[in-house]
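Chemist: Below is a structure I'd like to ask you about.
The values are calculated or read from the model by the stated rules, or taken from the named source; none is laboratory data. Everything numeric here is computed off the predicted structure, so don't read it as measured data.
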Amino acid sequence: MAFFLTEDDISQTIERNIGDSELVTNLLIKYQEEWKPLVKSLITLSQQILNTFKSVKDQLIDIEIINMPNMLKYQSKVAV
């Protein structure tokens, strides 16, 4: 079985993608005021996640591995 793209296939795909990009851009412009709270929330959430990561990345955690002879290897439990 052979698979190939013609020049027309590629042109149509590019035209559709350009059209989709224009549509998204137009929607963003049209609903700019409605998007602002969402964008602010996403930025705030991203900053909170980054701050949380920074605060926990250098902390040590104690991990205890409990060996249970009757369990398969992939069923071993880890207590944190």
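Chemist: How many residues does the range 1-39 hold that are aromatic (F, W, Y) and modelled with pLDDT under 75?
Modeler: We begin by selecting, within the range 1-39, every residue aromatic (F, W, Y); these are 3-4, 31, 35.
This time we only want the ones that are modelled with pLDDT under 75, so: 3-4.
Matching residues across the range 1-39 total 2.
Chemist: Looking at (1) more than 19 Å from the chain's Cα centre (by Cα); (2) assigned to a helix (DSSP H, G or I), can you tell me which one L60 breaks?
Modeler: (2)
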